[in-house]
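Working notes for the structure below.
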Amino acid sequence: MEQREKDRAAQEQPGEHRTTITFLGTSGAIPEVGGESPTFLINGRYLVDTGWTAVANLRNRGIEPLELEYVFFTHFHHDHYMALPSLLYYWLMRGKPLRELKIVGPAEDLELIVKRAISFLHPERYYGKDDVPTLIPLLPGDGYEEAAFRLETCATVHPVQGLCYRFMDRRSGKTFTFTGDTAYHPPIAEHARGSALLVHESALGPVAADPANNAYMHAGAIDAGRIAEAAGVAKLLLVHALSSRAESCVAAAKDVFRGEVEWPADGQTYVL
Ligand SMILES: [Zn+2]
Ligand SMILES: [Zn+2]
């Protein structure tokens, strides 16, 4: 059975909606060959960051990019939004109005990046100028809700404005939290409390970050484990490093966190 059909089947148990998180990439800022920077899909409809290759990545997994309803950007560093122009181009080529794609992201850069992505596509020559995605800019601390889900955000510690999202699926009642890129930041534990799952970056590998030597403001797996332990979540998923570091990162986080720790495989779906 295709992964997508499995996801659907998981969601379509009679009377029971299941929240799914499908990982499309967990690699570094320059992904390894065959890999992808951190990006994942919630419920087959909501894309979290685009990585370098969102369109090809989704299609290779049998997922139709036109079925996306939202993109949630954690922050606007290139490895997290590089594929936005190709995603918008795909929609234009397929004749689907861009306004039907809702894009949520940090207020500091959301409009600028989406405008530049559209301008790169040269719409005055090829497309109508007025068709633009629906933007939902958020400041850290802001929330957003619609019929299917609720988002709450808090700040991350990173060189650009970032949002750590707490996603509540109204249909299943399940909640999980994902950090985007961030240095060790204890308020994230408060924000994640009560979540079934925490997705935390560990770009620095199986260590705790040295605050005096952390110019790029990332976290290590020990930092992520400490946040998960303080939050009391059941499971921690680590992302944002080369796969060769996955095992040592998981082991390091387990030293400080009593729950489950995994490094998701590309294509792996978690069902809450
Ligand atoms: Zn990154
Ligand atoms: Zn970043």
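The values are calculated or read from the model by the stated rules, or taken from the named source; none is laboratory data. What you see is a predicted model, and the numbers here were worked out from it, not measured in a lab. Here Cβ is always computed from backbone atoms with ideal geometry, including for glycine, and neighbour counts include all displayed protein chains. Protein only, heavy atoms only, side chains kept; ligands, DNA and RNA dropped before computing areas. Shrake-Rupley method; radii C 1.70, N 1.55, O 1.52, S 1.80 Å.
Could you point to the residue in Leu135, Val261, Ala241 farthest towards the positive end of the range 3-271's charge dipole, with +1 and -1 charges on the Cβ of Lys/Arg and Asp/Glu respectively?
Leu135
Using only the heavy atoms of the protein chains and a 1.4 Å probe, how would Arg116, Arg193, Arg45 rank by accessible area, largest first?
Working: Arg116 150, Arg193 105, Arg45 60 Å².
Greatest to least solvent exposure: Arg116, Arg193, Arg45.
Could you sort Ile113, Ile30, Ile188 by their accessible area in this structure, using a 1.4 Å probe and putting the largest first?
Ile30, Ile113, Ile188
What residues qualify as long-range amide H neighbours of Val261, i.e. H under 5 Å apart, gap of 5 or more or another chain, H built at 1.01 Å from N?
When sequence neighbours closer than 5 places are left aside, the close amide H contacts are Leu236.
Hey, can you grab everything whose amide H is under 5 Å from the amide H of Ile136? Only 5+ residues off in sequence or another chain; H modelled, so Pro and N-termini drop out.
Here Ile103, Val104, Gly105 satisfy the definition.
In the range 3-271, carbon and sulfur make up what percent of the accessible area (probe 1.4 Å)?
51
What percent does the relative contact order of the range 3-271 come to when contacts are Cα pairs within less than 8 Å and at least six residues apart?
17 percent.
Between Tyr216 and Glu247, what length comes free when the chain is fully extended (0.36 nm per residue of separation minus the Cα-Cα distance, one decimal in nm)?
8.8 nm
When the helices in the chain are scored as -39500 (n - 2.57) per DSSP H run of 4 or longer and the sum is shared across all residues, what 222 nm value do you end up with, to the nearest 500 deg cm²/dmol?
After summing the helix terms and dividing by residue count, I get -7000 deg cm²/dmol.
For the chain, what does the accessible surface come to per residue with a 1.4 Å probe? Please give it in Å².
44
Please report the antiparallel percentage of the DSSP beta bridges confined to the chain, to the nearest 5.
55
Report the label-to-label distance for Val33 and Phe120 in nanometres (one decimal), using points 7 Å from each Cα along the Cα→Cβ vector.
Label-label distance for Val33 and Phe120, simple model: 2.5 nm.
Can you list residues whose amide H is under 5 Å from Phe149's amide H, if they're 5+ apart or on another chain and H is modeled 1.01 Å from N?
Distant-sequence amide H within range of Phe149: Arg170.
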